[in-house]
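Take a look at the structure set out below.
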Amino acid sequence: MKIIRELSDMIEDEIDGALDYARKAVELKGEHKKLADALYELSTEEVSHISRLHDEVVRLIDKYKAEKGEPPADMMAIYDYLHKKHIAKVAEIKRYQEMYKTM
């Protein structure tokens, strides 16, 4: 499904932004606390966007299943691959966010 690919691309963009913000927040916290706080907050907002987009992908897959049965195996293989990749990246983001909170 084209829409799932597009949503996956959007999720990737959100992940990249969240990771960039979280890394920069950690880097700047000592010298520019207010800016670092804003970057940390942006990172958490991006993670929220990731979750919302993922929920929509799951909803679309469930809708497809209800209307047409199991999605094509190749589509699900791509989804599973991207989903695992996204989970790993979000875990990295959360590590930076946790690091930020404990500094």
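Nothing in this text is a laboratory measurement; each read-out follows from the coordinates by a stated rule. The structure displayed is predicted, hence computed values, not measured ones. Reconstructed Cβ throughout: ideal geometry from the backbone, glycine too, with neighbour counts over all protein chains shown.
Overall, the anisotropy analysis places region 1-54 in the prolate class: the square-rooted eigenvalues a ≥ b ≥ c of its C-alpha gyration tensor yield a/c not less than 1.5, with a/b exceeding b/c.
Here the spin labels are modelled as points 7 Å beyond Cα on the Cα-Cβ line, and at Leu35 and Tyr64 they lie 4.4 nm apart.
Can you give the local net charge around Ala36? Use residues other than it whose beta-carbon is closer than 12 angstrom to its beta-carbon, Lys and Arg +1, Asp and Glu -1.
Numbers: positive: Arg23, Lys24, Lys29, Lys33, Lys34, Lys101; negative: Glu27, Glu31, Asp37, Glu41.
That works out to +2.
The C-alpha atoms of the chain define a longest principal axis, and helix 73-102 lies at about 20 degrees to it. Computed as a quarter of the hull surface, the mean projected area of the alpha carbon convex hull for region 2-102 stands at 6.3 nm². In a reduced charge model with +1 at each Lys and Arg Cβ and -1 at each Asp and Glu Cβ, region 6-103 shows a dipole moment near 420 debye about its Cα centre. Phi-derived couplings, Karplus 6.51 cos²θ - 1.76 cosθ + 1.60 at θ = phi - 60°, listed residue by residue for region 16-29: 4, x, 4, 5, 4, 5, 5, 4, 5, 4, 4, 4, 9, 4 Hz, with x used for Gly and Pro. Each label was represented as a point 7 Å from its Cα along the Cα-to-Cβ direction; for Glu27 and Met10 these points are 2.9 nm apart.
Across the chain, C-alpha contacts under 8 Å between residues 6 or more apart give a mean separation that, scaled by the residue count, equals a relative contact order of 39 percent.
The Stokes-Einstein estimate for region 45-103, based on a Kirkwood radius over Cα pairs and taken at 4 °C with 1.567 mPa s viscosity, is a diffusion coefficient of 98 µm²/s.
Of the peptides 13-22, 64-73, 38-47, the ranking by mean beta-carbon count within 10 Å, highest at the top, reads 13-22, 38-47, 64-73.
Calculated mean residue ellipticity at 222 nm for the chain: -32500 deg cm²/dmol, from DSSP H runs with n ≥ 4 weighted as -39500 (n - 2.57), summed, divided by the residue count and rounded to 500. A simple spin-label model places the labels of Tyr81 and Glu98 2.9 nm from each other, with each point 7 Å out along Cα-to-Cβ.
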